[in-house]
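Right, one structure below, let's go through it.
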């Protein structure tokens, strides 16, 4: 069983990713660290606890991480996720509050389990970058890092969703992303190149399939997805794909690339420029370029149907 830390900013699709992770017997979630992104870190921490307690997994610890990007003011996305970050679905507030020290938790868990911990990061990379800077051994001790982030322009869908070039998580804290991409960590990237492909979106038919399941996980998933489904007719499940890539790499295709993150304060901010490594250069990222959409949805559906 693989040890996993989830670093996230719940967020509707982060909450769905959390449900998939805790429903998967292949992995043991060591804890959740939250970061400011889709909404404030106070709300993202509470939202992680709301999800876990609602489905009876309150024993999984949740830690607050960074409340802002490394050098920039925070810009949130409540217009996408609702004012509470969970689609305004009226999920009960948690009985237990998150703990402080998310960055330290990442570093200490990795140090105590060298080569055994996978990080799955589905928000801005602030917490991960700070763990790498403040605890310099961390990148070498992580088994692998799977992120949801970037628009690599390797498929017809690989365009930005904040600017034409930039995806939200990378755009929010490009300096943190630059640190992570230039570290030694084995890195797999799930970006908009696959997460905006219609084959993986939750359309009305797929939504009804989830809504027809029994159990608290499926009920919670359908409640929080309703907000986006009613507004746009579909739900983009970016972050769920990052968890799926850790669980089922065989249904994804990847290419090895050298990625540079642009940190300028202009139209190119947060762009992830992917090129084939030149002679003598090493790649620094394995980028997902396709996924078998039906197999992905079958995985999600089967896990949400599980009672435990």
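The values are calculated or read from the model by the stated rules, or taken from the named source; none is laboratory data. Quick caveat: nothing in here was measured; it's all calculated off a predicted structure. Ideal geometry is used to build each Cβ from the backbone, glycine not excepted, and the neighbour counts take in all protein chains shown.
Points worth noting:
- In segment 138-169, of all residues being within 20 Å of residue 244 (Cβ to Cβ) and assigned to a helix (DSSP H, G or I), the one that is nearest to the chain's Cα centre (by Cα) corresponds to 169.
- Given (1) modelled with pLDDT of 95 or more; (2) more than 23 Å from residue 142 (Cβ to Cβ); (3) not in a strand (DSSP E or B), index of the condition residue 280 fails: (1)
- Residues of segment 259-277 classified as farther than 30 Å from residue 297 by Cα and touching a strand residue (DSSP E or B) at 6+ places or on another chain (Cβ under 8 Å), total: 8
- Number of the condition not met by residue 83 [criteria: (1) closer than 30 Å to residue 265 by Cβ; (2) in a loop (DSSP other than H, G, I, E, B); (3) in contact with a helix residue (DSSP H, G or I) (Cβ under 8 Å, 6 or more places away or on another chain)]: (3)
- Segment 173-217 - residue that is under 27 Å from residue 54 (Cβ atoms) and crowded, with 22+ Cβ neighbours inside 10 Å and, of those, nearest to the chain's Cα centre (by Cα): 190
- Failed item, numbered, when residue 91 is tested on (1) under 22 Å from residue 173 (Cβ atoms); (2) outside any helix (DSSP H, G or I): (1)
- Residue in segment 12-34 that is touching a residue at least 12 places away in the same chain (Cβ under 8 Å), crowded, with 24+ Cβ neighbours inside 10 Å and assigned to a loop (DSSP other than H, G, I, E, B) present: no
- Residue match in segment 58-77 (condition: part of a helix (DSSP H, G or I) and at pLDDT 95 or above): no
- Residues that are touching a residue at least 60 places away in the same chain (Cβ under 8 Å) and closer than 18 Å to residue 299 by Cβ, drawn from segment 203-234: 206, 209, 210, 213, 215, 217, 218, 220, 221, 225
- Unique match (being closer than 26 Å to residue 163 by Cβ and free of Cβ contacts under 8 Å to residues at least 24 places away in the same chain) among 264, 238: 264
- Hits in segment 110-137 (condition: within 22 Å of residue 44 (Cα to Cα), touching a strand residue (DSSP E or B) at 6+ places or on another chain (Cβ under 7 Å) and either modelled with pLDDT under 95 or not in a loop (DSSP other than H, G, I, E, B) (or both)): 118, 119, 120, 121, 127, 128
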